[in-house]
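Undergrad: Input: one structure, supplied below.
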Amino acid sequence: TRHSNDIHCHYSPIFGMICSMLNLNSIEIQRIFLYVILRDILSAATRLNLIGPMKAARLQIELSNYNETILNEYLDVRIDDAYQIDPIMELIQGAHDKLYSRIFVS
């Protein structure tokens, strides 16, 4: 059953809220977030049978050093500097009216 106080939100804000409630510092939060993202990607690859569970475990260990590199590289990035690009999607959007199966009906 649904309750009127159910929370519906994206993962990142909920993750941030919980970490704030636990009084974790910024570096700990970012390290945990990167770990969870890597774990989720490897878990998806395992469920899709692209890699086995042992390979996923090895990759988790091997790529944990890369997580530290990413953390150190983007540690001081402000929210105003955040951006996202997807060149393939931008190309597809430009040809949207010519696609056989449209992404959105307009």
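Undergrad: What is the extension gain from Arg47 to Ala82, computed as 0.36 nm multiplied by their sequence separation minus the C-alpha to C-alpha distance, in nm to one decimal?
TA: Full extension from Arg47 to Ala82 adds 9.5 nm.
Undergrad: Over the range 25-70, with every protein chain in place, what whole percent of the accessible area is carbon and sulfur at 1.4 Å, could you tell me?
TA: 65 percent
Undergrad: Once fully extended, how much extra length lies between Tyr35 and Glu62, figured as 0.36 nm per residue of separation less the alpha-carbon to alpha-carbon distance?
TA: 8.5 nm
Undergrad: Let me ask something else. Scattering from the C-alpha atoms of the range 46-89 alone, worked out with Debye: what is log10 I(q)/I(0) at q = 0.33 1/Å?
TA: Taken in order of the listed q values, log10 I(q)/I(0) reads -1.05.
The values are calculated or read from the model by the stated rules, or taken from the named source; none is laboratory data. Bear in mind that the values here come from a model prediction, so they are computed numbers and not experimental data. The protein model used for the area step is the full one, side chains on, heavy atoms only, and it has no ligands, DNA or RNA in it. Shrake-Rupley method; radii C 1.70, N 1.55, O 1.52, S 1.80 Å.
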